[in-house]
Amino acid sequence: MLYQISVADPASRFLEISYTVSDIQSESIEVQLPAWRPGRYEIQNFAKYIQRLEVQGGSGQLRSFRKVTKDRWLIDTAGEQEVVIRYNFYANIQNAGSSYVDEDLWYLNFINFCLYTEGRITEPCRIELALPPEYEIACGLPEVQKHTLEALDYYQLVDSPLLASGSLQHEVYEEGSIHFHVWMYGNLRPNWRRIRTDFARFSREQIATMGEFPEKEFHFLNLILPTAFYHGVEHHSSTMIVLGPDDEGEGLYTDLLGVSSHELFHTWNIIRIRPAELLPYDFTKENYFPTCFVAEGCTTYYGDLFLRRSGVFDDEAYFKELQVYMKRHFEHSAGASQSLIESSLDLWLDGYEKGIPKRKVSVYHKGALVALILDLYLRKKHNHERSLDDVMRLLWQRFGKPYVGYTLEDYKAVVEEVAEQPLDWYWQECIHTNTPLETRLNEALAFVGLQMTTFSNGNVQLNVLDDARATRQRERWLATLYILEEEE
């Protein structure tokens, strides 16, 4: 499959796309534009940004076609071995899952605008970009020649966003044999020495915890805006991050660390350790799955935990982030009627909107809190010899590395194997119902000398207790794994 992409007038914000389908052996083909994108489990209907479309046969004649759904076209290919589909796409949105072009930047998420041919989604893809000659490309796909990329199949193509500009800033650090690329676009001067040090620390800690890294290289793609923004999306061998404002200083850097650590852990958890319901993706409709509290909740918990374990955050910074999760859950959705299972399914309904009062919970914030409860319960029961780390490693070895997909029952079985006992109380109170979390959470926190206080006005505060024994337990919980290994 060949995609040729150009921008005739950057001020118009329109991409011009030419999609060539060769080796046609049927009287007609159907081409599809995705209705949603990986990492954002809601229908987004990208076809609404297509202004015009036409189909040309190998002989140069226009071919007839008709739309059969909101984002699917049936094309008459009788007598043709090749057709070229030409269309445009309005690229005028800057978030971590959109596309945008102007006089200095191409920011592309191929899933927004690349059609695929029904029955041929696993064929290799080639992407030729008519970029200005001085532009550099930041992308997880290999650049096989100047401004030309290749993907193993459509799934890899649309899970590989791109930044291209003559103004990109770039730094590389290495952990083991893995090259990590940090790309920046925006009005800022990165402190590359600090970024290299801190990113290397949390990357090393994640790899030490999981035992290996799934990819040969990884790209952090950062779009820094002048306006307030916070959004990151995980991808096959990269993450797309949009942050702002660009003059926020230390606050912007803290946000960069938090979202980058979170998105890097997704390289294991969801990119490879993937719910069975998402293998393979069906881009035409909702792909319901009940375990987003694992995919996003565990990742949210670990994102900041790795920053503390690696020494990038100190205790004060880490506890501040824990308190943020607690406040967002208990002050906004503690009395919600839904369970985590129900809210995982309802991501496709309104999961990224505020919604009506007291209905849904956040798979990110409540999901992180129930991950914390489970981690500390396992550590207390097994004197830190077992933890949520063991659960994630088993998920990786059994489901992620062989890439077979796990179910809710698989997750439960792995957790109880690590616990060496049934955990009916956990599934009932924390996952399957809307039972309030305060009691279970404070039981878990007490083990490491912490306590959450809920005030009558609804505010939440995390306190550190003066308890020497609990302090030692807290130190073991937050211990840096790769330093311990080096000392041994």
Exercise for review: Kindly indicate whether LEU445 is surrounded by 12 or more Cβ atoms within 10 Å (Cβ to Cβ) and assigned to a helix (DSSP H, G or I).
Suggested key: yes
Check your understanding: Does any residue of the stretch 48-58 turn out to be closer than 24 Å to PRO161 by Cβ and in contact with a helix residue (DSSP H, G or I) (Cβ under 9 Å, 6 or more places away or on another chain)?
Key -> yes
**Study point:** Residue selected from the stretch 272-304 under the condition touching a Pro at 6+ places or on another chain (Cβ under 7 Å) and open to solvent by 10 Å² or more (accessible area, probe 1.4 Å), by the criterion farthest from TRP348 (Cα to Cα)
**Key:** ARG272
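Okay, residues lined up against (1) exposed (fewer than 15 other Cβ atoms within 10 Å of the Cβ); (2) under 27 Å from LEU152 (Cβ atoms):
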| position | (1), (2) |
| --- | --- |
| GLN4 | no, yes |
| ALA11 | yes, no |
| GLU16 | no, yes |
| GLN25 | yes, yes |
| ALA35 | no, yes |
| GLN51 | yes, no |
| SER59 | yes, no |
| THR77 | no, yes |
Review point. If only one of TYR173, TYR155, TYR230, TYR185 is in contact with a Lys or Arg (Cβ under 9 Å, 6 or more places away or on another chain) and either surrounded by 18 or more Cβ atoms within 10 Å (Cβ to Cβ) or touching a residue at least 24 places away in the same chain (Cβ under 8 Å) (or both), which one is it?
Key: TYR173
Review point. What number of residues in the stretch 64-75 are open to solvent by less than 60 Å² (accessible area, probe 1.4 Å) and either farther than 23 Å from TYR49 by Cβ or of a type in the set (Phe, Trp, Tyr) (or both)?
Key: 1
**Study point:** Subset of the stretch 173-198 (residues that are touching an Asp or Glu at 6+ places or on another chain (Cβ under 9 Å) and not in a strand (DSSP E or B))
**Key:** GLY176, GLY186, ASN187, LEU188, PRO190, TRP192, ILE195, ARG196
Practice item. Please specify each residue of the stretch 88-120 satisfying the condition of being open to solvent by 10 Å² or more (accessible area, probe 1.4 Å) and over 26 Å from GLU263 (Cα atoms). Key: TYR90, ASP102, GLU103, ASP104, TYR116, GLU118, GLY119, ARG120
Revision key, fill the gap. Taking the stretch 322-342 and keeping residues open to solvent by 30 Å² or more (accessible area, probe 1.4 Å) and either charged (D, E, K, R) or assigned to a helix (DSSP H, G or I) (or both) leaves GLN323, VAL324, LYS327, ARG328, GLU331, GLU342
Practice item. May I ask you to list the residues in the stretch 284-321 that are part of a helix (DSSP H, G or I) and either among the small types (Gly, Ala, Ser) or touching a strand residue (DSSP E or B) at 6+ places or on another chain (Cβ under 7 Å) (or both)? Key: ALA295, GLY297, CYS298, THR299, GLY303, ALA317, PHE319
Practice item. Scan the stretch 466-488 for residues that are outside any helix (DSSP H, G or I) and modelled with pLDDT of 95 or more and jot them down. Key: LEU478
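Based on what the data block shows, is VAL460 open to solvent by less than 50 Å² (accessible area, probe 1.4 Å), of a type in the set (Val, Ile, Thr) and at pLDDT below 95?
Numbers: open to solvent by less than 50 Å² (accessible area, probe 1.4 Å): yes; of a type in the set (Val, Ile, Thr): yes; at pLDDT below 95: yes.
Yes; evaluated as a whole, the condition is true for this residue.
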Revision key, fill the gap. So the helices (runs of 4 or more DSSP H) completely within the stretch 343-425 holding 1 or more residues that are open to solvent by 40 Å² or more (accessible area, probe 1.4 Å) and among the charged types (D, E, K, R) are 365-381, 388-395, 408-419
Revision key, fill the gap. Considering the stretch 273-330, residues that are hydroxyl-bearing (Ser, Thr, Tyr) and more than 30 Å from ILE121 (Cα to Cα), and then whichever is nearest to the chain's Cα centre (by Cα), we arrive at THR300
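Restricting to the stretch 37-49, give me the number of residues that are open to solvent by 20 Å² or more (accessible area, probe 1.4 Å) and at positive phi.
1
If you check LEU243, LEU279, LEU256, which single one turns out to be aliphatic (A, V, I, L, M) and closer than 26 Å to TYR406 by Cβ?
So the residue among LEU243, LEU279, LEU256 that is aliphatic (A, V, I, L, M) and closer than 26 Å to TYR406 by Cβ is LEU279.
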Review point. Out of the stretch 216-231, which residues are more than 17 Å from the chain's Cα centre (by Cα) and part of a strand (DSSP E or B)?
Key: ILE224
Study note, to complete from the structure: (1) open to solvent by 10 Å² or more (accessible area, probe 1.4 Å); (2) farther than 25 Å from ALA8 by Cβ; (3) out of contact with any Leu (no Cβ under 8 Å at 6 or more places or on another chain) all hold for PRO132 apart from (2)
Practice item. Find the residue count for the stretch 190-218, including only residues that are open to solvent by less than 10 Å² (accessible area, probe 1.4 Å) and more than 20 Å from LEU305 (Cα to Cα). Key: 1
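The values are calculated or read from the model by the stated rules, or taken from the named source; none is laboratory data. Model, not experiment: these values are computed from the prediction. Methodologically, a virtual Cβ is constructed for each residue, glycine included, from the backbone with ideal geometry; neighbour enumeration extends over all protein chains shown. Only protein heavy atoms, including side chains, enter the accessible area calculation; ligands, DNA and RNA are left aside. Shrake-Rupley method; radii C 1.70, N 1.55, O 1.52, S 1.80 Å.
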